[in-house]
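Here the structure comes first, spelled out in structure tokens, and everything after it is commentary.
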Amino acid sequence: MSVTYPRGFRAAGIAAGLKPSGKPDLALLVGVPGTTVAGLFTTNAFAAAPVALSKRRIGAARAVLVNSGQANAATGARGGADAVAATGAAADLLGFGAEEVLACSTGVIGEPLHMDALLAGLPSLAGSLSEDGGEDFARAIMTTDTVEKRATADAGPYLVGGCAKGVGMISPNLATMLAFATTDAPVGRQDLRRLAGEQLKPRFNAITVDGCPSTNDTVLLLASGAAGGDPVTPGSSAWKDLAAAVGDVGESLARQLIADGEGATHVLLVEVTGARSESDARLVADAIANSPLVKTASFGEDPNPGRIVQAIGSSGALVDPGRVDVWLGDVPVVASGVIPPAYFEGELGAAAQLAMKEPEVRIAVRLGDGPGAGRALGCDLSYEYVRINGEYTT
């Protein structure tokens with residue numbers, strides 16, 4: 001049930017006619033009175049109209065209206081007015097104040113919302129709200145996704161659920177997709193922001209498909225408080241358990257997003273240690289995961305450590321080449337900055353090629369003995385990715 005796994009939430013998803021395919025394209029998630037919401041949003045300067053609206057309303061909200069098919073980005077004043085009108089119509093049907101409804105959109109950038117179809121579909125959508133509607137919600141937010149992304153976890157008496165969409169235009173810089181996590185724990189607004197920042201932001205900020213941060217990134221964490229009891233606050237044992245569960249849901253959704261990356265056949269798990277700083281470690285991890293040469297080598301299952309070395313050296317991080325070690329899986333392919341002769345003589349090369357055939361290709365990098373560590377989750381770059389994006393608007 002994903003987002004409706006915790007108590008205090010209802011959801012729905014329908015086909016309103018926003019997509020030419022006729023697939024589900026309009027979704028609604030609603031929390032009980034008293035629900036708190038925290039949000040993380042794109043840093044793209046071309047942030048979509050629903051992002052701007054949601055950032056303004058985040059402190060008062062308990063519901064979110066999501067459409068797929070049109071991103072409502074680069075749509076100017078019309079886009080802002082459409083987001084206000086759509087959420088206002090949904091609020092009227094729910095008996096809410098307009099400020100209680102957030103908006104998320106995904107789809108083609110620049111195409112205005114199909115407002116006639118959206119507004120016509122809202123009564124059916126609101127009438128379909130159910131505690132069992134999580135799967136319909138997850139299905140309706142998809143664009144080029146091939147599967148739904150859903151996850152749940154338990155934290156003692158509290159439940160955590162979530163769903164996400166996004167398989168392209170994904171790069172670390174907050175998180176490039178839409179993601180929704182829910183819990184029935186009673187958590188105040190300030191503490192919920194901390195929970196989202198500590199547990200969700202680092203998970204989604206580690207993923208990359210194509211190095212292209214989107215205009216519509218939104219991660220929402222909603223707490224209904226329907227489990228009852230005293231507020232869960234930092235430092236308590238309940239907080240520790242809840243934080244772990246929220247982190248588990250975020251990690252699961254992030255991995256599902258990468259596994260379903262447009263045209264992906266391999267997941268790249270890049271882990272960097274020994275950097276001079278955390279920021280240097282992140283620079284190196286992102287450079288490897290985003291490298292077209294590394295990504296295409298992964299697609300071809302070609303264990304080419306030279307491409308990894310190139311990405312490390314051009315990352316902008318402070319790197320001493322003589323201290324760099326690299327492994328593909330468990331196979332050492334760079335030692336103290338040197339690709340061992342045994343790699344070219346076949347012994348290590350053959351073992352490294354086996355590592356590249358795994359569904360999840362692990363690349364471990366040690367830059368020295370510094371305190372900095374970082375990770376990135378990426379995927380390979382295939383013919384299918386080019387086809388999907390070459391035909392995206394046609």
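Throughout, read-outs are computed from the coordinates displayed, never taken from laboratory work. Just so it is clear, the model here is predicted, and its values are computed rather than measured. We place every Cβ from the backbone using ideal geometry, glycine too, and count neighbours over all the protein chains shown.
So what is the relative contact order for region 226-309, in percent, with contacts set as C-alpha pairs under 8 Å and at least six apart?
For region 226-309, the relative contact order is 15 percent.
Grab the other residues whose beta carbon is less than 10 angstrom from that of P24, score K and R as +1, D and E as -1, and report the net.
+1
What is the magnitude of the charge dipole of the chain about its Cα centre, with +1 placed on the Cβ of each Lys and Arg, -1 on the Cβ of each Asp and Glu, and no other charges, expressed in debye to the nearest 20?
Value, rounded to 20: 820 debye.
Give, in nm to one decimal, the length gained when the segment between D154 and A350 is fully stretched (0.36 nm per residue of separation minus the Cα-Cα distance).
Taking D154 through A350 to full extension adds about 66.3 nm, to one decimal.
Any idea what the alpha-carbon Rg over 2.2 N^0.38 Å comes to for the chain?
This ratio for the chain stands at 1.03.
Label points 7 Å out from Cα along the Cβ direction at D369 and D330: separation in nm?
Modelled inter-label distance: 2.6 nm.
If you count, for each residue, the other Cβ atoms within 10 Å and average over each peptide, how do 131-140, 279-288, 69-78, 342-351 line up from highest to lowest?
Sorting 131-140, 279-288, 69-78, 342-351 by mean packing, highest first, produces 279-288, 131-140, 69-78, 342-351.
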